[in-house]
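Reviewing the structure listed below.
The values are calculated or read from the model by the stated rules, or taken from the named source; none is laboratory data. All figures in this text were calculated on a predicted structure; none of them were measured in a lab. Every residue, glycine among them, receives a Cβ derived from its backbone with ideal geometry; neighbour counts consider all protein chains shown. Keep in mind that these areas ignore ligands, DNA and RNA; they rest on the heavy atoms of the full protein, side chains included. Shrake-Rupley method; radii C 1.70, N 1.55, O 1.52, S 1.80 Å.
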Amino acid sequence: MFPMASMTSETASSSSSSSSSLPQREYQYDVFLSFRGEDTRNNFTSHLYAALDKKGIKTFRDNDELERGRPIRPDLLIAIEESRFSIIILSRNYASSTWCLDELAKIVECMKQTRLTVFPVFYDVDPSDVRQAGRGSLLVHQKMKQKTGTGSFAQAFAEHSKENRERVQRWRDALIEVADASGWHVKDRPEAEVIEEIVVEILDKLNSIVRMIVSDDIFGIESRVDKMLNSYLGIGVDDVRFVGICGMGGIGKTTLARAIYERITCQFEANCFLANVREEAGKNGLVALQKQLLSNTIQTKSSINIQNDYEGANVIRNRLRCKKVLIILDDVDQLEQLRALVKHRCWFGGGSRIIVTTRNKRLLIEHDVAEDGIYEAMGMNYNEALQLFCQKAFKEDSPPKDFVELSKKFLNYAKGLPLALEVLGSSLYQRSEDVWKSMLRKLKEIPDEKIHDKLQISFDGLSDLEKKIFLDIACFFKGEDKDRVEDILESFGFHPKIGIDNLINKSLITISSKRLQLHDLLEEMGREIVRRESCEEPGGRSRLWLWEDIHHVLTNNTVSGK
């Protein structure tokens with residue numbers, strides 16, 4: 001990058017102060033390209049636009065051929081206002097176009113009034129020529145022109161000054177602002193190298209914005225991302241790594257994976273985030289997922305002809321083995337999905353990273369992901385949980401005085417599970433204190449439907465024997481000695497050792513001090529499954545754990561075959 005000073009401190013200060021008081025804006029474009037068509041439309045600008053577009057950066061580029069003296073179109077002014085960044089390609093004939101200079105003035109106006117960030121690219125011009133032209137030093141540049149053949153900007157402004165001095169001064173002021181900003185000088189360097197630097201810079205800025213948005217919404221995510229980057233992913237190392245993220249449903253695996261993806265995607269040649277692999281494979285099959293993976297990573301708009309998943313695996317291996325790729329497979333639940341999409345490390349080029357999220361740790365072990373590392377996602381700590389819940393329930397970081405104790409009760413219920421905190425907080429937003437109390441009473445009897453359904457996905461994927469063991473633990477054996485529980489279950493022919501091991505791998509139970517443990521909401525989910533076997537009559541259920549229900553069944557003789 002050409003080592004130039006950023007905006008002067010005075011300008012930066014005024015820009016910052018004006019923008020800080022503005023509300024959050026809606027943006028239609030990531031980048032607005034300003035350029036002189038006859039100079040760069042078919043070379044540098046065209047290649048830059050293609051590189052930005054390939055990385056998914058939404059870029060505005062005006063393709064109209066301009067008529068001399070024609071005023072700038074209103075839609076261009078709107079596009080500038082609705083962009084996050086502007087890249088101004090200052091080429092030899094840029095200043096000869098009044099259209100370009102009007103565009104430049106509008107860009108600088110937006111830079112001062114909004115959060116538009118401006119990057120200049122000095123293409124076939126000397127940055128000092130641009131600066132001096134902005135300051136009106138024509139005499140200096142006439143000498144420079146004689147000496148070096150430069151001075152095109154100064155000459156252009158000399159011509160413009162004959163017509164409208166007030167308008168020209170506005171252009172000069174804008175040019176000074178831009179010329180003093182940090183940018184790139186394309187001189188004696190490969191254009192492809194400069195374009196790559198620009199794309200990386202824009203991606204890094206966009207990712208910073210995404211990180212702020214994610215951090216505002218999901219508290220504590222940054223520390224988890226940093227741990228993944230520092231302890232598991234080894235970005236910059238040239239090997240190929242498979243890394244797993246496992247944990248119970250609703251714990252934040254997908255959120256973590258997406259935050260990592262947004263943070264590091266610019267460091268790879270190609271990338272793909274395959275969301276909801278379990279669901280998509282069930283609905284559309286593995287071949288559809290293979291096609292999506294290939295379409296995203298090889299950036300083709302033509303249809304990919306694959307007849308079966310074996311053929312698809314070969315195509316993935318052949319097309320990606322020399323590419324440095326970032327692939328995230330979200331919510332995997334079958335080994336076949338991994339084998340069809342990311343079977344071997346040799347399928348991918350050096351430096352590639354494959355991240356898999358799943359509720360089933362065993363899948364990662366069987367696919368040798370454990371060799372590179374498995375991150376076990378944990379719930380939120382108290383402060384993180386409080387902030388997330390309060391943002392959803394009050395749009396604030398802390399609860400109002402009247403809701404402090406009620407908020408603590410909901411936090412105790414959620415036990416650090418982001419899914420529960422978000423669902424409950426959102427459902428309580430702008431509700432009265434009486435409604436909050438009513439919700440707490442209801443939750444003691446019937447769990448929230450959204451939370452229950454999300455958690456039950458793990459239960460539905462169990463074998464019949466594993467379901468029986470899980471329900472017994474949820475209804476009777478939470479906190480009990482593991483060996484004692486295995487002895488009891490063994491007497492029923494449940495083969496508990498392998499069954500309990502599978503439940504641990506599937507993030508449904510844990511072992512702490514040789515005792516069986518599970519999250520309170522998983523316990524509640526298991527008991528709700530049993531309750532729904534016969535909602536009205538306890539005698540129609542397979543398990544009874546409340547003394548009131550047991551007393552009712554025995555005294556009323558409603559015992560069933562279950």
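Quick look at the numbers
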quantity	calculated
Additional length obtainable on full extension of the chain from Q28 to S432, 0.36 nm per residue less Cα span	141.7 nm
Percent accessible area from carbon and sulfur atoms, the chain, protein chains only, probe 1.4 Å	47
Additional length obtainable on full extension of the chain from E376 to Y310, 0.36 nm per residue less Cα span	20.6 nm
Å² per residue, accessible surface of the chain at 1.4 Å	48
Semi-axis lengths, Å, the chain, gyration tensor of Cα atoms, sqrt of 5 times eigenvalues	60, 29, 18
Packing rank of 478-490, 119-131, where each peptide gets the mean count of other beta carbons within 10 Å, highest leading	119-131, 478-490
Equivalent ellipsoid semi-axes - Cα gyration tensor, the stretch 504-544, angstrom	26, 10, 8
Cβ-Cβ FRET estimate between D397 and D238, R0 fixed at 51 Å, reported to 0.05	0.75
Förster radius 41 Å - calculated FRET efficiency between E536 and T510 (Cβ-Cβ, nearest 0.05)	0.75
Relative counts (whole %) of C-alpha pair distances in the stretch 221-293, using bins that are 5 Å wide	3, 12, 22, 23, 21, 13, 6, 1
Helix 496-505 axis, angle to the chain major axis (alpha carbon atoms, nearest 10°)	20
Computed E for I488/K409 - FRET, C-beta separation, R0 30 angstrom, nearest 0.05	0.35
Over the stretch 202-351: Rg over Rh, Cα atoms, Kirkwood Rh	0.96
The chain: relative contact order in percent, alpha carbon pairs under 8 Å with at least 6 residues between	11
Estimated inter-spin distance, E336 and S231, nm [label 7 Å along Cα→Cβ]	3.5
Length released on extending from N383 to L554, taking residue separation times 0.36 nm less the Cα-Cα span	56.9 nm
At 1.306 mPa s and 10 °C, Stokes diffusion of the stretch 246-330 via Kirkwood alpha-carbon radius, µm² per second	114
Å³ per residue enclosed by the Cα convex hull of the stretch 340-455	147
Separation in nanometres of the label points that stand 7 Å from Cα toward Cβ, at D501 and K343	2.7
A192 paired with D460, simple spin-label distance in nm, labels 7 Å along Cα-to-beta-carbon	4.9
C-alpha long axis of helix 253-264 to longest principal axis of the chain, angle in °	20
V118 long-range amide H proximity, modeled H, under 5 Å	S86
